[in-house]
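The next block holds one structure in the form of structure tokens; read it before the comments.
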Amino acid sequence: MTLNNHDSDIDVVHKYNHVELKGWVDQLQYIDREIDNLLSLYANSLGEKSIPAGIQELFSERKKLNKELYEKVLPYSITYTNVAECDDIQCDMAYLGEYDRLRENYKDNLEAYQQLKDKLFEEALRKE
């Protein structure tokens, strides 16, 4: 990201937001892969037993919600480059409003995933 001396404050905000959106996309993709890896690791630790249905359902639901958020963030991150074409504050505010809504959804998704992952670790450690 390149910041220029002539960039307005709102231009700087938009540039930082665009970088952050790319980070969200990357993290949501990582979470999707990590869910599969965690469940495989947990299944291997159980030996002959299968993953409890409740755990499997919770992770399946989290994976679904994560994918839904990814499918909202990805196209938005692509269209966010159009913000440079805004020529009034209403246009800027429309982009920023959607950005704020997605940021809250991303934050909530991340917190819920972290709590679920903690629950899996507690369950796995209890099995030993």
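When residues in segment 42-68 are screened for being free of Cβ contacts under 8 Å to residues at least 40 places away in the same chain, among the aliphatic types (A, V, I, L, M) and assigned to a helix (DSSP H, G or I), 2 of them pass. Quick check: anything in segment 70-90 of a type in the set (Asp, Glu), surrounded by 12 or more Cβ atoms within 10 Å (Cβ to Cβ) and under 20 Å from Glu20 (Cβ atoms)? No, there is no match, as no residue in segment 70-90 is of a type in the set (Asp, Glu), surrounded by 12 or more Cβ atoms within 10 Å (Cβ to Cβ) and under 20 Å from Glu20 (Cβ atoms). Within segment 90-113, the set of residues being out of contact with any Lys or Arg (no Cβ under 7 Å at 6 or more places or on another chain), without any contact (Cβ under 8 Å) to a residue 60 or more places away in the chain and aliphatic (A, V, I, L, M) comprises Met93, Ala94.
The residues of segment 22-55 that are on the phi < 0 side of the Ramachandran plot, more than 13 Å from the chain's Cα centre (by Cα) and small (Gly, Ala, Ser), listed by number, are Ser40, Ala43, Ser45, Ser50, Ala53, Gly54.
Considering only residues of segment 9-49 that are among the small types (Gly, Ala, Ser) and surrounded by 10 or more Cβ atoms within 10 Å (Cβ to Cβ), which is modelled with the highest pLDDT? Only one residue fits best here, namely Gly23.
The values are calculated or read from the model by the stated rules, or taken from the named source; none is laboratory data. If you're wondering where the values come from, they're calculated on a predicted model, not measured in any experiment. Neighbour counts are summed over all protein chains in view; Cβ atoms, including those assigned to glycine, are modelled from backbone coordinates with ideal geometry.
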